[in-house]
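Each remark here refers to the structure printed beneath this line.
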Amino acid sequence: MAHIQLTGVSIDFPVFTARSRGLLNTVLGLPRREKARVESSGLRQVSVHALRDVNLSLRPGDRVGLIGSNGAGKTTLLRVLSGVYEPMQGELNFGGRVAALTDIMLGMDVDATGYDNIIMRGIVMGLTRRQAMDLIPSVETFTQLGEHLQLPVRTYSQGMLLRLAFAVSTSVVPDILLMDEMIGAGDAQFFSQAKDRINGLIEQVSILVLASHNEVILKSFCNRALVMKDGRIVMDGPVDEALAFHNLEQGVLQ
Amino acid sequence: MLAWRFWCFMGWNDVAKQYRRTFLGPVWITFNTALFIVAFGLIGAQLFKYPADWYLPYFCAGHVLFGYFSALINEGALTYIASDAFLKQTPYPKMAFVFRTVFRCTILMLHSAVIVLAVLLWAGRLGDVQWGALLGASLMTLLAATFTVAILGGLAARFRDVTVALGSLMQVSFFVTPVLWVPDQLTERAQWVVHLNPLALFLELMRSPLMGSVPSPSSWGAALGVILLLALIFFWQYVAIRRRIVYWL
């Protein structure tokens, strides 16, 4: 059964200076003067606290919106949930197939044809070649790209490229779907088709986590929201309340 | 084996990409290499006073293999750095990227390997090739290459000067590794250059079967020793940094 459980998860990013980024400097030791200065300012181990003591439990049926200003830790949390950042502190348990739709063009090659790209994108998402080939008819119908699919993707317009990436990326139904901002694409007509397709996908997944700044999108897709601030979850509750809480905080700041 | 579908495909696609950009793709590089090998091979034979039908295959095999080692080391360092978009989106097993690099470099090397076979055929030495020993040597080289790529990839992700340092190191290694010259030409006192050079070790391991002789037991032993050492470093490093790599990208 799909679930995600975070217990006391903290994520720190080491901040490397030009000095600590180099092997030579690290092995030979920092020059003495430099070392003294770094120590005296108490910055020996410089790191950014991206997430602090996050506890979270996601169950089937959860449609979670992530709210927070830039730098609050939304993207980092999504990456922890996807398994990319394995926590050094705290624990992550999850069950089910996770898919992150953060970069829907990942694995695509502009010099390859549309058909090749369907297969490449499919394999990058974890399909077998055969399963990826099986996507072709539905992608053909959805994108309406016709003969363009036989041409290298570099000849596509931005909208066509997005349509193709979108079509393939939304063809695979995971148990847990993670999104950083809603993916929307192309002209008005395509946008409504895209909306139907993403609605269909979201209905089928067991858990959705969606980070967004758009209140309308959050309200229409989510049934639970987390407000993040400085790497902490400061509120966990219904979407309306969370949005109100967040807006109030922002208002106070201004 | 660790998302083999993914790395086989990605490695293969890296090669296919080059074919897509130009019609001849890597074959073009093969032509270049062939031209260089024939040109220098004939001159080198005169310079070092070896018969051309011995020196040309010797240099040819050396050049192709050294190019392979050099690609493995230089591109190995970029293994994780160049795949950051993938690593930041999906928790692929880290080793998949190592295999991808080794796979790609090997496929590209096999393009040039055709020249080696052609030169051996021309020199009438194709019949002397010790295929069994060559297979064994290739497997050992692949094993060593996999560990090396993994170690360098992790190191270079953390310390960004490693990539640059390796680039210059490999340029120098070309001259201290017997690619152009033959170890016998060195004086007794300078032999350590070859004996302490792991690149020379694996080069000889693969080149001597091509030249018709089976490597000595001490060569096999030394290669095994290097592999064990690399394996040890690899496991130690893998346990220590496997989870941290993504944080460094």
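The values are calculated or read from the model by the stated rules, or taken from the named source; none is laboratory data. Everything numeric here is computed off the predicted structure, so don't read it as measured data. Here the Cβ is made from the backbone with ideal geometry for all residues, glycine too, and neighbour counts use every protein chain on show.
Quick check: anything in the range A:110-132 among the polar types (S, T, N, Q) and touching a Phe, Trp or Tyr at 6+ places or on another chain (Cβ under 9 Å)? Within the range A:110-132, none of the residues are among the polar types (S, T, N, Q) and touching a Phe, Trp or Tyr at 6+ places or on another chain (Cβ under 9 Å). For the range B:122-136, the tally of residues that are under 12 Å from B:Pro209 (Cβ atoms) and either touching a His at 6+ places or on another chain (Cβ under 6 Å) or not in a helix (DSSP H, G or I) (or both) stands at 3. The residue that is surrounded by the most Cβ atoms within 10 Å (Cβ to Cβ), among those in the range B:65-89 that are in a loop (DSSP other than H, G, I, E, B) and touching a Leu at 6+ places or on another chain (Cβ under 8 Å), is B:Tyr80. Hey, among the residues in the range B:200-249 that are touching a helix residue (DSSP H, G or I) at 6+ places or on another chain (Cβ under 8 Å) and among the polar types (S, T, N, Q), which one's farthest from the other protein chains (Cβ to nearest Cβ)? Here the answer is B:Ser208.
The residue that is nearest to B:Val114 (Cα to Cα), among those in the range B:39-52 that are surrounded by 15 or more Cβ atoms within 10 Å (Cβ to Cβ) and not small (Gly, Ala, Ser), is B:Phe40. Only a single item in (1) among the aromatic types (Phe, Trp, Tyr); (2) crowded, with 17+ Cβ neighbours inside 10 Å; (3) more than 25 Å from B:Leu229 (Cβ to Cβ) is not met by B:Trp131, and it is number (2).
Residue-by-condition table, conditions (1) surrounded by 13 or more Cβ atoms within 10 Å (Cβ to Cβ); (2) within 14 Å of chain A (Cβ to nearest Cβ); (3) in contact (Cβ under 8 Å) with a residue 60 or more places away in the chain; (4) not in a helix (DSSP H, G or I):
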{"position": "B:Phe6", "(1), (2), (3), (4)": "yes, yes, yes, no"}
{"position": "B:Asp14", "(1), (2), (3), (4)": "yes, yes, yes, no"}
{"position": "B:Arg20", "(1), (2), (3), (4)": "yes, yes, no, no"}
{"position": "B:Thr30", "(1), (2), (3), (4)": "yes, no, yes, no"}
{"position": "B:Ala34", "(1), (2), (3), (4)": "yes, no, yes, no"}
{"position": "B:Ile37", "(1), (2), (3), (4)": "yes, no, yes, no"}
{"position": "B:Tyr58", "(1), (2), (3), (4)": "yes, no, yes, no"}
{"position": "B:His63", "(1), (2), (3), (4)": "yes, no, yes, no"}
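Evaluate the following for B:Ile81: is it of a type outside the set (Gly, Ala, Ser) and under 26 Å from B:Arg158 (Cα atoms)? Here the answer is yes, as B:Ile81 does meet what is asked.
Scanning the range A:128-142 for residues that are surrounded by 20 or more Cβ atoms within 10 Å (Cβ to Cβ) and within 11 Å of chain B (Cβ to nearest Cβ) yields a count of 1.
Per-residue answers, yes or no, for (1) part of a helix (DSSP H, G or I); (2) touching a Leu at 6+ places or on another chain (Cβ under 8 Å); (3) surrounded by fewer than 18 Cβ atoms within 10 Å (Cβ to Cβ):
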| position | (1), (2), (3) |
| --- | --- |
| B:Ala144 | yes, yes, no |
| B:Ile151 | yes, yes, no |
| B:Ala157 | yes, yes, no |
| B:Phe175 | yes, no, yes |
| B:Ala200 | yes, no, no |
| B:Gly221 | yes, no, yes |
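Residues in the range A:51-103 that are more than 14 Å from chain B (Cβ to nearest Cβ), in a loop (DSSP other than H, G, I, E, B) and within 23 Å of A:His213 (Cβ to Cβ): A:Asp62, A:Gly68, A:Ser69, A:Asn70, A:Gly71, A:Ala72, A:Gly73. Residue by residue through the range A:141-155, note down the ones that are under 17 Å from A:Ile119 (Cα atoms) and under 28 Å from the mean Cα position of the chain (by Cα). Correct list: A:Thr141, A:Phe142, A:Thr143, A:Leu145, A:Leu149, A:Pro152, A:Val153, A:Arg154.
Here B:Phe234 clears all of (1) under 14 Å from B:Ala133 (Cα atoms); (2) in a helix (DSSP H, G or I) except the condition numbered (1). Meeting the requirement of 1 or more residues that are at pLDDT below 85, among the small types (Gly, Ala, Ser) and closer than 20 Å to A:Ile104 by Cβ, the helices (runs of 4 or more DSSP H) wholly within the range A:147-254 are A:158-169, A:188-204.
Here is the figure for the range A:106-120: residues that are within 11 Å of another protein chain (Cβ to nearest Cβ), in a helix (DSSP H, G or I) and surrounded by fewer than 19 Cβ atoms within 10 Å (Cβ to Cβ) total 0.
Is it true that B:Ser208 is among the small types (Gly, Ala, Ser), outside any loop (DSSP other than H, G, I, E, B) and either out of contact with any Leu (no Cβ under 6 Å at 6 or more places or on another chain) or modelled with pLDDT under 95 (or both)? Yes. Within this structure, A:Val209 fails the test of being touching a helix residue (DSSP H, G or I) at 6+ places or on another chain (Cβ under 7 Å) and within 14 Å of another protein chain (Cβ to nearest Cβ). Restricting attention to the range A:229-244, and to residues there that are among the β-branched types (Val, Ile, Thr) and crowded, with 18+ Cβ neighbours inside 10 Å, which single residue is nearest to A:Arg63 (Cα to Cα)? Only one residue tops the list, namely A:Val239.
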